[in-house]
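Values quoted throughout were computed directly from the atomic coordinates according to the rules given, and no laboratory measurement underlies them. Because the structure is a prediction, the values reported are computed rather than measured. Cβ: placed from backbone, ideal geometry, glycine included. Neighbour counts: every protein chain shown.
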Amino acid sequence: MKKILIIEDEKILSEMYRFKFAKEGYEVFNAMDVDDGLKIAEKEKPDLIILDILLPKRNGIYFLEKRKDIKGLEDVPVIILSNFDDAETKNKAFALGAKEYLIKSNFNPKEILEKISTFL
């Protein structure tokens, strides 16, 4: 069973994606902030990470920087799913290894599922 880690601070959105992905047969873990996301990622070694940019305490860019220091996470695909549409942030995310940068409001859950399945 493939594992997905969702790092998203909007609880309703996080739970909705958790339900949708679990229904498709994925094992799903949720984190509300970067620090928890790093801990879960290190412990569970997910096959894919879905990451918001605007999070409490630290942002998604910080997560991308720190994941490179965790053995086994450096090659895990990260999909940015955020409403923060900023060219500089997008460029930085891609430079740090993000595979996609999706704007939440432009995609429904089914489309997100289709996008992530190409990386699993």
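Brief remarks follow.
- Amide H contacts for F29 (H built 1.01 Å from N in the peptide plane; partners 5 or more residues away or on another chain; cut-off under 5 Å): I4, L5, I6.
- For segment 98-115 and segment 34-88, distance of Cα centres in Å: 16
- Cα lying deepest toward the dipole's positive end in segment 3-117, options I103, Y62, I49, charges on Cβ: I49
- Per-residue ³J(HN,Hα) for segment 57-62, Karplus 6.51 cos²θ - 1.76 cosθ + 1.60, θ = phi - 60°, Hz, x for Gly and Pro: 6, 10, 9, x, 4, 4
- Within the chain, percent of DSSP bridges classed antiparallel, to nearest 5: 0
- Straight-line reach from K2: taking Cα to Cα under 20 Å and skipping same-chain neighbours fewer than 8 places apart, the lysines in range are K20, K23, K39, K43, K45, K71, K99, K110, K115.
- Using θ = phi - 60° and Karplus 6.51 cos²θ - 1.76 cosθ + 1.60, couplings along segment 104-115 (whole Hz; Gly, Pro as x): 3, 5, 8, 9, 9, x, 4, 5, 4, 4, 4, 4
- The amide H of L102, built 1.01 Å from its N in the peptide plane, has I80, L81, S82 as neighbours under 5 Å, considering only residues 5 or more places off or on other chains.
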